1. For region 598-704, take every pair of Cα atoms, bin their distances at 10 Å starting from 0, and report each bin as a whole percent.
2. Counting heavy atoms of the protein chains only and a 1.4 Å probe, report the per residue accessible area for region 202-242 as a whole number of Å².
3. Relative to the longest principal axis of the chain, what angle (0 to 90°, nearest 10) does the C-alpha long axis of helix 97-114 take?
4. Sort all Cα-Cα distances of region 46-115 into consecutive 10 angstrom bins from zero, then give the percent of pairs in each bin up to the one containing the longest distance.
5. Placing +1 at every Lys and Arg Cβ and -1 at every Asp and Glu Cβ, with all other atoms neutral, what dipole size does region 144-287 have around its Cα centre, in debye to the nearest 20?
6. Do you know the relative contact order of the chain, to the nearest whole percent, from alpha carbon pairs under 8 angstrom that are 6+ apart?
7. Largest first, how would F451, F247 line up by accessible area (1.4 Å probe)?
8. Dipole of the chain, Cα-centred, from +1 at each Lys and Arg C-beta and -1 at each Asp and Glu C-beta, to the nearest 20 debye?
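The values are calculated or read from the model by the stated rules, or taken from the named source; none is laboratory data. Bear in mind the structure is a predicted one, so any value in this text is a computation, not a measurement. Neighbour counts are summed over all protein chains in view; Cβ atoms, including those assigned to glycine, are modelled from backbone coordinates with ideal geometry. The accessibility values were calculated without ligands, DNA or RNA, using every heavy atom of the protein model including side chains. Shrake-Rupley method; radii C 1.70, N 1.55, O 1.52, S 1.80 Å.
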Amino acid sequence: MNRPFDVVAIEEKWQAHWLDEGTYEVDNDDPRERYYAVCMYPYPSGYAHQGHVRNYVFGDLVVRYQTMLGKAVLSPYGFDSFGLPAENAAIKAGSHPRPFTEARMHELKTSVRRLGAVYDWRREVYSHDPEFIKWSQFIFLAFLKAGLAYRADGLVNWCPGCQTVLANEQVHADGTCDRSGDIVERRSLEQWYFRITDYADELLTSLDALDWPERVKLQQRNWIGRSEGVEFDLPLEFDTTKALRVFTTRPDTGFGVTYAVVAPEHPMLSLLTTDDERARVEEIVERATSLSEIDRTTTSQTGASAEKRGAFTGSFVVNPFTNENVPVYVADYVLGNYGTGAIMAVPGEDQRDYDFATENGLSVIQTVQRPEGFEGDAYSGDGPHVNSGFLNGLNVADAKVKATEYLVEHAHGVAKVNYRLRDWLVSRQRFWGCPIPVIYCDDDGIVPVPFEQLPVLAPDDVTLGLSGQSPLATHEGFLMTTCPVCGKPARRETDTLDTFTDSSWYFLRFTDPFTPSMMFDPAQAAKWMPVNQYIGGIEHAILHLLYARFYLKALDDLGLAPGLPREPFQRLFTQGMIRLDGSKMSKSKGNLIAPEEFYATVGADGLRLFHLFAGPPGDDLDWTDQTNDVIEGCGRFIDRFYRLWNGYDVTLRDEDDASDLEVRRATHRTIARVTNDFARWSYNTAVAAVMELLNTVSKAARSDHGISRAAFTEATDTMAMLLAPMTPHITAELWEQRYPERPSVHATPWPIADPALVAEEQVTMVVQVNGKLKARVLIAPSAGEDEAATVALANADVVAALNGATPTRVVSRPPRLVNIIL
């Protein structure tokens with residue numbers, strides 16, 4: 001592209017200026033209204049790709065916009081620098097994770113600075129910093145003292161590719177590791193856990209008040225999985241002095257129990273299994289060890305029928321509602337760590353039970369009357385009970401109450417609440433992570449490392465490799481120590497902490513990395529918390545966000561975060577991903593489009609504008625052959641603004657006249673639209689609004705009649721201010737040229753629309769039916785009103801214009817277009 005200015009020189013000039021002057025550094029005692037904006041703690045994989053660009057452009061716009069609103073904006077940066085990818089990459093490269101990671105950190109930092117993203121770099125945090133390690137270990141020891149950290153045997157997810165255990169959240173629904181892609185195995189190991197289940201209720205209920213995308217809150221609710229029900233006994237047919245304890249959320253369906261199911265891990269399975277059925281049962285148990293919990297609880301699996309998922313144990317239990325014997329099966333869709341690890345099966349009212357019963361030739365009894373026209377297999381809705389003895393005629397809610405009373409009296413029943421959420425498995429058998437600060441002594445058992453000996457740092461002279469144990473286990477200098485209690489020889493824990501422990505509190509460290517004697521001063525952190533705007537990918541909906549919420553609640557309960565809110569992130573935005581050839585753009589997939597190739601042509605400003613203009617920020621974006629054309633178009637728009645600002649081919653008058661009023665109206669309408677669009681994350685329509693204003697001003701200024709200097713200056717100044725958070729370099733340069741004695745455009749207050757000029761403006765609403773022009777309706781939006789509200793107010797006029805046609809839905813498509821789908 002042939003540009004009218006030196007793109008690279010201008011952008012490098014202002015990037016150096018913002019960094020050298022500390023323009024976006026903010027102190028904790030700043031008297032302005034505070035605003036805390038954070039893009040999620042990034043893993044340093046190298047130079048930024050377009051996915052990074054999209055995230056940081058959105059975050060930078062928030063920072064610059066809120067600053068122009070007069071707020072003291074805290075925007076720090078850091079690196080989630082521990083983790084398996086760095087260790088695996090270092091092993092492959094024959095390097096050490098530390099220099100490998102620090103080189104990647106430098107590359108990513110260079111990229112975000114070249115993009116023009118601004119941060120308070122004095123507050124930079126990274127996970128492998130010894131100071132950060134010290135306080136991460138301090139938190140672990142506080143959890144250990146309070147009983148929130150514990151060591152226990154249990155079935156764990158083992159990734160053969162990563163050679164370490166994984167938390168449930170790190171296993172995909174298809175049973176593969178979220179890092180290596182390998183099939184995850186189930187093993188019995190002794191591991192460290194955090195007791196996150198102690199906070200299950202609060203993690204669930206406090207979601208309601210958060211300004212988060214509903215789909216994220218739904219994912220967390222489903223993962224926590226609260227269910228109310230009843231635990232009760234099913235006596236064993238061959239020995240009624242013993243019973244199988246089961247949990248159900250539908251006690252009202254008890255008359256429809258036609259079989260029972262135990263998990264492959266159930267402690268009574270061996271007792272229940274007869275010699276004739278043992279081989280088949282053992283086959284199911286073995287198969288279950290290779291499946292993730294998510295995979296086991298899905299309704300169907302590729303290549304595995306319901307029949308292959310279970311086997312008859314050879315035993316029967318007694319249904320307390322009917323006193324009839326029902327067979328007991330073992331099946332992988334029941335989990336040993338949920339409820340009692342056993343269920344009553346009601347195929348008439350549960351689809352999963354129905355599928356299993358059908359495949360195994362088991363009877364199906366309907367206990368709730370189906371509504372007229374119901375054509376499904378199992379029915380889970382409401383209705384009067386049938387085939388249910390003393391429950392007949394009752395609705396589901398009333399039948400649950402009466403059935404629970406019956407089970408309490410006749411089957412040792414107890415009303416109970418269960419959760420799908422399991423305790424957080426935090427130990428990893430890898431080197432590149434925060435060492436777990438405990439010591440094992442033959443006499444004193446598990447001994448915490450004294451605070452004065454923190455941080456416990458891993459040595460650099462280790463032999464890295466995929467051996468199934470941490471390399472620290474073979475390093476005598478690290479492994480062998482003395483017991484702090486008795487002084488006898490002892491050994492250190494060689495596992496390291498899950499890296500999600502680091503990202504669970506870094507945002508607190510950002511608020512105060514300056515007090516050496518504390519992980520953060522709670523009084524300083526309280527000035528900023530909660531984070532006003534958190535930005536990151538939907539892929540972190542469960543793992544990171546859930547863990548960070550748990551951390552803050554636990555720290556508060558332990559007296560380590562007094563005065564802080566118990567929820568860390570007040571508002572969350574999840575940006576869409578960028579796809580290339582149908583796959584998410586990422587380094588691991590090798591499908592990256594680097595931003596550097598655009599810096600010498602459209603510049604960082606042009607690339608930023610593209611990401612804002614290309615579509616709604618929350619939607620996924622496909623990178624296609626036409627993408628470069630759109631990016632170049634954004635560059636041409638910036639060139640047009642540059643030429644207009646500098647008065648190329650414009651006719652200016654000293655006097656105002658009636659024609660200038662239309663330009664002023666357009667200017668103030670655009671202020672209102674962009675301000676509203678920024679508030680609702682509609683950046684693409686904000687860009688479109690400024691583009692429209694540029695067209696309006698250009699047309700007036702280049703007409704024979706021209707434009708007044710006052711209207712021209714107001715319009716172009718407004719465009720510079722509106723564009724400043726979006727294209728910060730060129731707007732800073734042009735503002736300095738016009739106003740060398742004034743503060744920067746970025747220090748200029750955000751413009752305010754004149755309500756009178758906005759309210760008086762009348763707009764022609766173009767009406768289409770199924771994409772075809774049908775009418776034009778004159779409407780007058782109120783000041784600051786967005787397009788959707790304007791459409792809603794004009795619906796009656798739209799319908800009248802269509803001569804009585806009745807729309808099924810009305811969709812606003814700026815600028816001022818209504819498309820009705822009939």
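1. In whole percents, the pair-distance histogram is 14, 38, 33, 14, 2.
2. 49
3. In the chain, helix 97-114 runs at an angle near 30 degrees to the longest axis.
4. 18, 39, 28, 11, 4, 0
5. Numbers: 16 positive and 26 negative charges, 80 e Å.
It comes to approximately 380 debye.
6. Working: 1551 pairs, mean separation 113.2, N = 822.
Rounded, it is 14 percent for the chain.
7. Details: F451 95, F247 15 Å².
Descending accessible area places them as F451, F247.
8. Numbers: 78 positive and 113 negative charges, 207 e Å.
In total the dipole reaches around 1000 debye.
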